Every structure is written in structure tokens, then in C-alpha cells.
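Here is the structure we will look at, set down as C-alpha cells.
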Amino acid sequence: MQFFLDTANLDQIREVGELGLLDGVTTNPTLMSREGGDWRKQAALICEMVDGPVSLEVIGTSHEEMIKEAKDLVSFGTNVVVKIPMIPEGLKALRELTERGIKTNVTLVFSPTQALLAAKLGATYVSPFVGRLDGLSQSGMEGVDQMRTLFDNYAFGTKILVASVRHPLHVLEAGLIGADVITLPYSTITQLMHHPLTDQGLAKFLADWEAFQKGE
Ligand code: G3P
């Protein structure tokens, strides 16, 4: 399972990159706006720093606007993946971008049948938003499981990129289902690394060793 970082923050990208756990980055307008400043500079820096796919999202809502923006976004780097919203105009844009050989990530996917449409039109990735569905008492992961079955039944090459992740259990569930990619907020990567028994165990090992060295 590939790990992408769901952020536009350069420090977070650097830190996870140094751990060797960074396979790519996903951004969206909310994450980009959080960083402030010139988004174009930020996007270019992210593309330069990341040795893997970087999703940059369009803002337009007509397919003409999306295509125009996509052409601009791909100029930021060879690793750019154009993020397109799962709306009818987005599907029109997706079809054209697929024909042009531009990589795409269909975002704001909330049902397996939306994912099926995106896969039929050649999306590189689909992004099911699991946390937002869980927040409405609907199982986000059940949908991901159904997407996996649909894609496998018809051998679609589209990758399932689990998004809107809230906690490590989402990572476990996505892995068990066989999702191709999961995009993680920095906080979830941190949570994955820690376990109280690891910290307690290490403290005990070090204390015992220290006592032994003192001849206690
Ligand atoms: O990048 C898309 C997705 O991961 C957003 O997640 O936390 O805004 O639901 P969230």
C-alpha cells in the first residue's frame, strides 16, 4: 500500500520524506489555502520536493475551465496528477484528460458507483472520502471494499486512493481491503508510529540496563 501525505505543508512533507515513508502528496484547495502566500510557488516547491505523484486540484466547475487549469497545473512538474471533482462536468473533463494522457485523481467520491464511472473514463486514481462518510454514520470503508470488488471484477487499472482519513484504524482497514494508496494527514502518520507499550517497554529496558551498569 502506498502512503501519500494529505497536506500542502513543506515541513510535514520534508519530515515524512526523511522517514522514507513518502510515496506521494495530495493537496486540495483547503489545504493549499491553509499555507497562505503564493499557491503557485507552493505547488512548484511541493512538486520539486516529492519524488512521486502530487495531486493538485482544479477550481473551475465547467469542463472547459477544468481542462484549461489542468494544462496549467501539469506545467508545475512531470509528477502532477490533476484532481477533478466527481461532478458531470468533471467527468467530461476526465474523458478529455485521459485522451491527452494526463494523470487524474477524481475527488469527492462518496459511492462505489461514482468510482465506477471514474474508472470507466480512465481515471488514474479515485479518492473515496471515508472519514466524511463515517461522520454521517455511513461506513466509508464498506464503499471502498465494494470499489475493490468492482475494479477487480473488470480489471480496471484505476487505483483506489483512500482519502479523508481520520485515524490508524482506517489505515488497517484500507490495507486489509487492498486499497492501492492511502493519503494520510500528518497527525495519522504520527499516531501510526506510536504505541504506549513501546514507550513503556523501552523505558523499562533502559532503566534495567542502567541499574545493571551501576551494579544494583
Ligand atoms: O484531500 C482530500 C481529503 O483527504 C480531505 O479530507 O479531512 O477534509 O475530509 P478531509
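Among residues of the stretch 162-177 that are within 13 Å of GLN2 (Cβ to Cβ), those with a Cβ under 6 angstrom from a residue that is away from the ligand (no atom under 15 Å from the Cβ), sequence gap 6+ or separate chain, pair up as GLY175/MET1.
Is it the case that some residue within the stretch 145-164 is of a type outside the set (Lys, Arg), closer than 21 Å to LEU21 by Cα and either modelled with pLDDT under 95 or out of contact with any helix residue (DSSP H, G or I) (no Cβ under 9 Å at 6 or more places or on another chain) (or both)? Lay out the reasoning, then the answer.
Going residue by residue through the stretch 145-164, those that are of a type outside the set (Lys, Arg) are 145-147, 149-158, 160-164.
Of the ones still in play, those that are also closer than 21 Å to LEU21 by Cα are 160-164.
Restricting the remaining residues to those that are either modelled with pLDDT under 95 or out of contact with any helix residue (DSSP H, G or I) (no Cβ under 9 Å at 6 or more places or on another chain) (or both) gives 161.
Yes, the conditions are met somewhere in the stretch 145-164.
Just to be sure, is ILE102 touching a Ser or Thr at 6+ places or on another chain (Cβ under 6 Å), within 23 Å of PHE151 (Cα to Cα) and either in contact (Cβ under 8 Å) with a residue 24 or more places away in the chain or aromatic (Phe, Trp, Tyr) (or both)? Considered against the rule, which asks whether it is touching a Ser or Thr at 6+ places or on another chain (Cβ under 6 Å), within 23 Å of PHE151 (Cα to Cα) and either in contact (Cβ under 8 Å) with a residue 24 or more places away in the chain or aromatic (Phe, Trp, Tyr) (or both), ILE102 comes out as no. Restricted to helices (runs of 4 or more DSSP H) entirely inside the stretch 1-89, those with at least 3 residues that are within 12 Å of the ligand (Cβ to nearest atom), surrounded by fewer than 20 Cβ atoms within 10 Å (Cβ to Cβ) and modelled with pLDDT of 95 or more are 29-35.
Does ARG132 fit the bill of being surrounded by fewer than 16 Cβ atoms within 10 Å (Cβ to Cβ), touching a residue at least 12 places away in the same chain (Cβ under 8 Å) and of a type outside the set (Ser, Thr, Tyr)?
Working: surrounded by fewer than 16 Cβ atoms within 10 Å (Cβ to Cβ): yes; touching a residue at least 12 places away in the same chain (Cβ under 8 Å): yes; of a type outside the set (Ser, Thr, Tyr): yes.
So ARG132 fits the description; yes.
Looking only at residues of the stretch 92-109 that are closer than 25 Å to VAL165 by Cβ and among the hydrophobic types (A, V, I, L, M, F, W, C), we find that the one that is surrounded by the fewest Cβ atoms within 10 Å (Cβ to Cβ) is LEU108. So is ILE177 touching a Lys or Arg at 6+ places or on another chain (Cβ under 6 Å) and of a type in the set (A, V, I, L, M) or not? Against the criterion (touching a Lys or Arg at 6+ places or on another chain (Cβ under 6 Å) and of a type in the set (A, V, I, L, M)), ILE177 qualifies. Please tell me if PHE129 is over 24 Å from ARG14 (Cα atoms), within 13 Å of the ligand (Cβ to nearest atom) and of a type outside the set (S, T, N, Q). Yes, satisfied.
The values are calculated or read from the model by the stated rules, or taken from the named source; none is laboratory data. These figures come from a predicted structure and were not determined experimentally. Cβ atoms come from the backbone with ideal geometry, glycine included; neighbour counts cover every protein chain shown.
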